[in-house]
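To keep things clear, I will list the structure first and then write my remarks on it.
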Amino acid sequence: MEPITALLALAAVLFVGAFIVQPFFNAEGGERAGRERRRAASALRQRADLLAERNRVYAAIRDLDFDYKTNKVSDEEYAEQRYRLVAEGVEILQMLDALPADDPDADPLEAMIARYRRGEGVVLAPEPAPARAAAARAARYCPRCGAAAQAGDRFCGSCGTRL
Ligand SMILES: [Zn+2]
């Protein structure tokens, strides 16, 4: 093997090796963050699974009702199957309710609903940020000389004109 080829091969090995080792370093560094992320992701996945299950049960109930109306199932069969489906649906809804509250940052609407359920006030429009309010206060200028003035100033600090 020529030296240059050997060097390239070595570089390739190191490059691939770095990729293989990288996750382990990351896992050490951000283990806590990773755990949080995984928990949130698993809750999201659980919720998605339950919602899919719920939709499946709803569809099954609709189908069953349709079959009953078109005389495809007997009274007893209908009553028995519908009871089973509704019980299944209730169970799924209870599991959905039991899931941990969503990360407020993940979905502002969900967070708002959660606040509303807790009986806290719901703010529909964001309040002006303090920085913006301060900027608005500071944005006063003397009508005569144009010098900047503070909110509480009654006279221009530059020329003495009444503000
Ligand atoms: Zn002035």
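No value in this document is a laboratory result; all are computed from the given coordinates. Remember, predicted model here, so these are calculated numbers, not experimental data. Please note: Cβ atoms are built from the backbone with ideal geometry, for glycine as well, and neighbour counts cover all protein chains shown.
Going from the residue with the fewest nearby Cβ atoms within 10 Å to the one with the most, T70, T161 rank T70, T161. Take the Cβ atoms of N55 and R32, set R0 to 41 Å, and the FRET efficiency comes out at 0.70. Rounded to the nearest 0.05, what FRET efficiency is calculated for L44 and R84 with R0 set to 30 Å and r the Cβ-Cβ distance? The formula returns an efficiency of 0.55 here. Among L109, L85, L99, the ranking by other beta carbons within 10 Å of each residue's beta carbon, starting with the fewest, stands as L109, L99, L85. Ordering I113, I92, I61 from the fewest to the most neighbouring beta carbons within 10 Å gives I113, I61, I92. A full extension of the chain between A111 and A147 corresponds to an added length of 8.5 nm, given 0.36 nm per residue minus the alpha carbon distance.
Looking at the stretch 32-86, which chymotrypsin sites (Phe, Trp or Tyr not before Pro) are DSSP coil and have at most 15 other C-beta atoms within 10 Å of their C-beta?
none
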